[in-house]
C-alpha cells in the first residue's frame, strides 16, 4: 500500500491505499494505526482499499495535540476526508475504536456508507476497558513516564489481545515506534483521555434503523470487547456473526484471511443490494 497525505479542515490527514474500483475504507483503533490492516488489504478483491489513519494516532500523533480526538470527532474527520477525496459512498470496516467511528459515520451520514463491517469493535457501553480507564485516570502522572514505558504497556495489551505469538511480536514492532517517535506516554494518555462511551451510546438506537448490508466477525475469546457485544451488534444490524473460535481482540492481525473473507462477502452483498451503483 502507498502512503498519502491531504490537508482537510487544515489537518494533515494520512492514509494507506492500494487497488482500484469502488472504495473500501478500513479504520483502526488503539493503540494501532493503518498498518493494522496490512495483511487484510491485499486480500480484498477488486476494490480501492483505503486504510485511514485517525487524527492523533500513528504517524498523525502530532495532529492530536490541542485537538478533539474523540471517537465522535473522528467520525466527523472521516466524513470530511471522504468529501475531500471525492468518495461519495463506501463500504466501511472498523476494528476497536475504528468500529465506533464506523457506527457513528453510518448513523450520522447514512448516505456515505453502503456497507458496514465490524470486528471486535467498541459499541454501546462496552468501553473504555478497565486498563484504558486506569491510564486516563492517572494520566497526569503517567504522561511523564520514562522512555520505554509505552512499549511495555503495549506489550501487555498485545499479550492479552493476540492469540498468535508471532502476530503479537510483529504487532509490537509495527505500532510501538509511532509512540516512540511522537510524544511517547504523553500521546497514549492523550488518546485515552479522549474516550467516552457517550459517543457510541448516542447512536445505539440508530443501529437497528440503518438498513444497510452489514457483517460482524468476532474473536470469541476477546477480553476487551466480549462476544456478547458482537452478538448484540449482530441483532441490531440484522447481520450475520462469524465467531472466530479461540480468537482474541486483534483479529485483523491474527486472522486476516477470515476478516478479508467477511469483507469480500459484504462487498458482494452491497453489489447485489445496489446494482445501479455499479
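Readers should treat all values here as calculations from the given coordinates under stated rules, not as data from a laboratory. Note that the structure is predicted; figures quoted are calculated from it, not measured. FYI the Cβ positions are ideal-geometry reconstructions off the backbone, even for glycines, and counts take in every protein chain you see.
Assorted remarks:
- Cα gyration tensor, the stretch 10-120 - rounded (a/c under 1.5), prolate or oblate: rounded
- Computed lengthening from residue 43 to residue 268, 0.36 nm per intervening residue step minus Cα-Cα distance: 79.6 nm
- Annotation: the antiparallel percentage among DSSP beta bridges lying fully within the chain is about 30.
- If both residues of a DSSP beta bridge must be in the stretch 7-153, then about 25% of such bridges are antiparallel.
- Only Cα pairs under 8 Å and 6+ residues apart enter the sum, and on that basis the relative contact order of the stretch 178-278 stands at 24 percent.
- Relative contact order of the stretch 72-154, pairs being alpha-carbon contacts under 8 Å that are 6 or more residues apart, as %: 26 percent
- Packing rank of 246-252, 92-98, where each peptide gets the mean count of other beta carbons within 10 Å, highest leading: 92-98, 246-252
- When you restrict to C-alpha pairs under 8 Å that are six or more residues apart and normalise by the size of the chain, the relative contact order lands at 21 percent.
- Shape call, the stretch 154-278: gyration tensor on alpha carbons, a/c limit 1.5: prolate
- GNM top mover of 36, 116, 156 - the chain, alpha-carbon springs below 10 Å: 156
- Taking the Kirkwood radius as Rh and the Cα radius of gyration as Rg, the stretch 111-184 has a ratio of Rg/Rh equal to 1.04.
- Shape category assigned to the stretch 205-278 from the gyration tensor of Cα positions, a/c cut at 1.5: oblate
- Cα-only radius of gyration and Dmax that characterise the chain, units Å: 17.2, 56
- Dividing the helix sum by the residues of the chain, where each DSSP H run of 4 or more adds -39500 (n - 2.57), gives a mean residue ellipticity at 222 nm of -12000 deg cm²/dmol.
- Eigenvalues of the alpha-carbon gyration tensor of the stretch 81-206, scaled by 5 and square-rooted, set the equivalent ellipsoid semi-axes at 29, 17, 15 angstrom, largest first.
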